[in-house]
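Structure record follows, encoded as structure tokens.
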Ligand code: SAM
């Protein structure tokens, strides 16, 4: 892809701008431009789409997104050292890359969305990735401002996102994702693909919003899943005691002897709606 966009190889960019990776910022850079293109392609067509990217770093994924035809990229990066490298990409694609220096956890993405369709694509910093995902899943209004999320996580987090009942990885995150989205793991990326290599395999997860999720109040669903999975090995009549225990379960037509990990998303919604 260096030839495709005419920009210098990422290794040179990193060296020239002194971007030695910092662990505290979750910096594991993806330098293989074929791989960054594969990640960006997972989001489907980018024609006419505004892409929000979290943590562009030296810009490998950003370059792939722009080369694949996104109308615009709005990227939020916390590390000011990356800004000169990103400015070079912005010069190469005039008017198509806006970089916001800041903390993605404090960024109001919904208000950044203008009228264009929005897709979110990111190689997320591992320390804030799950929280960002949850923030994008929780808005009271649904469907949300985004058309899809294409996100890179540690594989174990990816497994929790796509997990369904009777799966060891099933928990609060799986219920939340399964309630409002269709989620699947697209492909894995080995540690060696990153600089520096992380300890574990990564995975790319693609999520699209369900148009009509089961009607249910987010806060109630959170209360039920928190209590149920907080004591996941116990029977629900025990773990849900603070919320009404057996009475609540019978009202929702659920056997009080069952355990959290056996309940479908639909059954969790039923419980929440009986609170
Ligand atoms: N996108 C680049 C890539 O694929 O090579 C870098 C990905 S690296 C895993 C995570 C990036 O997120 C780093 O550039 C880091 O500085 C940035 N970052 C970390 N915490 C952040 C935060 N709270 N808000 C915005 N960016 C953050």
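The values are calculated or read from the model by the stated rules, or taken from the named source; none is laboratory data. Since we're looking at a predicted model, the values are computed, not measured. No Cβ is skipped: glycine too gets one built from the backbone with ideal geometry, and neighbour counts run over all protein chains shown.
Before moving on, here are some points about what is shown:
- Verdict on residue 4 being at pLDDT 95 or above and more than 17 Å from the chain's Cα centre (by Cα): no
- Of the residues 203, 262, the single one that is in the same structural domain as residue 155 (by the TED database) and closer than 21 Å to residue 181 by Cα is 203.
- Every pair of residues 6+ apart whose Cβ atoms lie under 6 Å, when the first sits in the range 239-250 and is without any contact (Cβ under 8 Å) to a residue 24 or more places away in the chain while the second is surrounded by 15 or more Cβ atoms within 10 Å (Cβ to Cβ) and assigned to a helix (DSSP H, G or I): 239/227; 239/228; 245/237; 246/237; 249/236
- Taking the range 160-200 as the range and being closer than 16 Å to residue 125 by Cα and assigned to a strand (DSSP E or B) as the test, the residues that pass are 189, 194, 195.
- Of 26, 44, 55, 69, all but one fail to be at pLDDT 95 or above, within 13 Å of the ligand (Cβ to nearest atom) and on the phi > 0 side of the Ramachandran plot; the exception is 55.
- Residue within the range 176-188 that is within 16 Å of the ligand (Cβ to nearest atom), surrounded by fewer than 16 Cβ atoms within 10 Å (Cβ to Cβ) and at pLDDT 95 or above present: yes
- Among the residues here, residue 53 qualifies as in contact with a helix residue (DSSP H, G or I) (Cβ under 8 Å, 6 or more places away or on another chain) and in a strand (DSSP E or B).
- Qualifying position, being more than 10 Å from the ligand (Cβ to nearest atom), surrounded by fewer than 17 Cβ atoms within 10 Å (Cβ to Cβ) and assigned to a helix (DSSP H, G or I), among 37, 15: 15
- Screening the range 88-157 for strands (runs of 3 or more DSSP E) wholly inside it with 3 or more residues that are within 15 Å of the ligand (Cβ to nearest atom), in contact (Cβ under 8 Å) with a residue 24 or more places away in the chain and buried (at least 21 other Cβ atoms within 10 Å of the Cβ) returns the ranges 118-123, 148-154.
- Residue within the range 194-205 that is within 14 Å of the ligand (Cβ to nearest atom) and under 10 Å from the mean Cα position of the chain (by Cα) present: yes
- With a requirement of 1 or more residues that are within 15 Å of residue 172 (Cα to Cα), the helices (runs of 4 or more DSSP H) lying completely within the range 214-275 that satisfy it span 218-230, 236-239, 265-274.
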